[in-house]
Amino acid sequence: MFNYNFRWNQAFNSLPQMLEGALVTIEIAVLSMMIGITVAITLTVFRLSGNRFLSAIATTWVEIARNTPALFQIYMVHFGLGGFGIHLSPYMSLLIGIAFNNAGYLAENFRGALKAIPDTQTRAARSLGMSSGQAFTNVVMPQMLRIAFLPMTNQMVWAILMTSLGAVVAMNTDLYGVTSELNARSFRTFELFAIAAVIFYLLTKAITLSARLLAARLFRY
Amino acid sequence: MFDTALTVNDLILLAKGAGMTLLVTAISVFFGTILGIVFGVVRYQIGPWWAAPMTFVLDIFRSIPLLIQLVLANAFLTAVLKLKMSGFAVACGVLSLYTAAYCAEIVRGGIESVPLTLRRAARSLGMSWGQDMRNIVLPLATRVALPSWIGLALGVMKDSALVYIVQVVELLKSTQILITRLQEPLFLLMICGMFYFVISFPIARFGGYLEKRWSND
């Protein structure tokens, strides 16, 4: 059955390069999450603002991000924006694409979290003399982020997995890109991608675990 | 933008791509759901300890990028085992297991949402395990699980864009082919995006509606 010569040594020799790629993957995921959370909070504020135009922007963003493939979004950033004369590097396209997707999903999570926070809190804060901005940033937002912590962790895992989609814009420095470039040279497809899969698995486990530890520390009452 | 070199043949290519996307999705969701229900029920029945190996394997499908799963499965089946398998078969197989991994989680959540007292009452009325599952658990668990399952099915449709890696020409790949030839990325991508959106958006809305209607408040 196995008349295939596994050459694990050859694949393991390129482990340092792949680990460097893993660092880029983490970097993109973290940056895209930071951008995503910031934008998602902005979109949530847009939705709460009561301004028709602003909430239309937020709704459009969320619906497009949630109803089209992430691969399509990254492709659109890279090649679609090219139609407007904006040419981005693969790194930037991937980062913006993932951040766009993150923002859409997170904004929806935040909306769900907001439902769990009673209106009376805002009213109490306002009657204490806070402005509506202060009431949001000091009273509502901290609770919203706390309730949405678990979905945010999931989104972070998704961001890690989504970096592999950089393949479509010829990204070659992240874990997937490095692996497929090594593969193009040596054709040890199975060995190389098996190692990449293990690295991805460990990355996602590390994130889930550290998020759980962080939650235990941050959210004890 | 309206002055395009797009011909009828190109539109047919796009339509074929869209058909392929829907076909892959339908097959994967169908088999994935059946497998997912089996895995979910078995996992629930044998308890967390005995199910640990199964949980571990299913978790792998959710912790590794789908793109890598596809490449690995393709390399393993065609290069290592030297099987003659089409990219289409590999894509459907991987996507089915991927769907099953998520579906098992949804099914377990659905079963756990049925109060245990209700099931004990059913059993003490003389219902068999099968009757309890069919008449008590199924209707109640469906209410909890169906909205998530709709979300999953739509997710699989969106993720099926990745099967281009095993040489399956689905919607995004056929768009890509046309972009290379016509050099009108924005226009073509708009068509492609619209297609995904038009299918996904109403169904997602319907799922949200069901979720709201069926929630216990």
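FYI, it's all coordinate maths here, none of it is from the lab. Please read all numbers here as calculations on a predicted model, not as lab measurements. When we count neighbours, we look across all protein chains shown, and the Cβ atoms used for this are built from the backbone with ideal geometry, even at glycine.
A few comments on the model shown:
- Least to most buried among B:Val24, A:Val157 (fewest other Cβ within 10 Å first): A:Val157, B:Val24
- Inter-chain Cβ neighbour average for residues B:66-78, partner chain, 10 Å: 6
- Listed by chain and number, the lysines placed with their C-alpha closer than 29 angstrom to that of B:Lys212 are A:Lys115, B:Lys158; residues fewer than eight positions away on the same chain are left out.
- Between helix A:90-115 and chain A: long-axis angle, C-alpha atoms, 0 to 90°, nearest 10: 40
- Residues of segment A:189-216 with amide N under 17 Å of a point placed 7 Å along Cα→Cβ from A:Phe6: A:189-199
- Each residue of segment A:207-214 was assigned a 3J(HN,Hα) from its phi angle through the Karplus expression (A = 6.51, B = -1.76, C = 1.60, θ = phi - 60°), giving 5, 4, 5, 5, 5, 5, 5, 4 Hz with x at Gly and Pro.
- Equivalent ellipsoid semi-axes, the protein assembly as shown, via Cα gyration tensor eigenvalues times 5, rooted, Å: 35, 31, 24
- For chain A: relative contact order, % (alpha-carbon pairs under 8 angstrom, 6 or more apart): 28
- Residue by residue along B:196-208, Cβ atoms of other protein chains within 10 Å of the local Cβ number 2 on average.
- Whole-number percent relative contact order across chain B, with pairs defined as alpha carbons under 8 Å at least 6 apart: 32
- Across segment B:162-171, coupling constants 3J(HN,Hα) worked out from phi with the 6.51/-1.76/1.60 Karplus curve, θ = phi - 60°, read 7, 6, 4, 5, 9, 6, 9, 8, 9, 4 Hz, and Gly and Pro carry x.
- Whole-angstrom gap from segment B:104-146 to segment A:64-97, using each part's C-alpha centre: 45
- Per-residue 3J(HN,Hα) values for segment B:119-135, derived from phi via the Karplus relation 6.51 cos²θ - 1.76 cosθ + 1.60 with θ = phi - 60°, read 6, 5, 4, 4, 5, 6, 7, x, 6, 7, 4, x, 5, 4, 4, 6, 8 Hz in sequence order (x marks Gly and Pro).
- Calculated [θ] (222 nm, deg cm²/dmol) that DSSP helices of n ≥ 4 give over the protein assembly as shown, each run adding -39,500 (n - 2.57): -25000 deg cm²/dmol
- Scanning chain B for trypsin sites (Lys or Arg not before Pro) in DSSP loops with at most 15 neighbouring Cβ atoms within 10 Å leaves B:85-217 as the longest stretch between them.
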